Amino acid sequence: MRIAIASDHAALELKAALVQWLGEAGHEVSDLGPHDASSVDYPDYGYKLAQAIASGDAERGIALCGSGIGISIAVNRNPACRCALVSEPLSARLSREHNDANVIAMGARLIGIEMAKACLDAFLSTPFGGDRHQRRVDKLSNPVLS
């Protein structure tokens, strides 16, 4: 699978571990940065990741920052992205099965490397359930106020 990953400086160590792990699992991983510990702004990297998903350069995305919250908000500004902030495998699985999430967000200050791997494993191995969920997912990119 083609996977893009981006973070801020707070998640640099987690990103590096996940890039290595995903590569060893046979995925094509595009590390969108940052590449050193200099302080950066998470929205810049969230937008870069969202563009990789929207353009089709990546099938799935991984967004990381200290809490996972800020970068997930940035990614979700792009209507082509459905980014789910998760901290355990059940949420990761349901984000795919029910919401057809194409980006997963995690907080490096809140989740350990092994739990992050477990979340990613669930996220990457779970197909979208379709059926009754499709109508709801369609509305996520086309909001209509009632």
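Read the figures in this text as sums done on the coordinates, not as results from a lab. None of these values were measured; they are calculated from a predicted model. Quick reminder, even Gly has a Cβ in these numbers, built from the backbone with ideal geometry, and neighbours come from all protein chains shown.
Summary table below
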read-out	value
Å³ per residue enclosed by the Cα convex hull of region 1-108	85 Å³
Two-site label geometry, Ser87 and Glu114: point separation in nm, points 7 Å out along Cα→Cβ	1.9 nm
Lysines with Cα under 30 Å of Lys15, excluding same-chain neighbours fewer than 8 positions away	Lys48, Lys117
Cβ-based exposure ranking for Ser72, Ser125, in which fewest neighbours within 10 Å come first	Ser125, Ser72
Cα centroid separation, region 1-31 to region 53-72 (Å)	11 Å
Ranked packing of 3-14, 46-57, 75-86, 23-34, most packed first, by mean Cβ within 10 Å	3-14, 75-86, 46-57, 23-34
Per-residue HN-Hα couplings for region 122-131 [Karplus 6.51, -1.76, 1.60; θ = phi - 60°; Hz; x = Gly/Pro]	5, 4, 6, 9, 9, x, 5, x, x, 6
Mean ellipticity per residue at 222 nm, deg cm²/dmol - from DSSP H runs of n ≥ 4 across the chain, formula -39500 (n - 2.57)	-13500 deg cm²/dmol
Other-chain or far-sequence residues with amide H under 5 Å of Ser7's (modelled H)	Gly33, Leu64
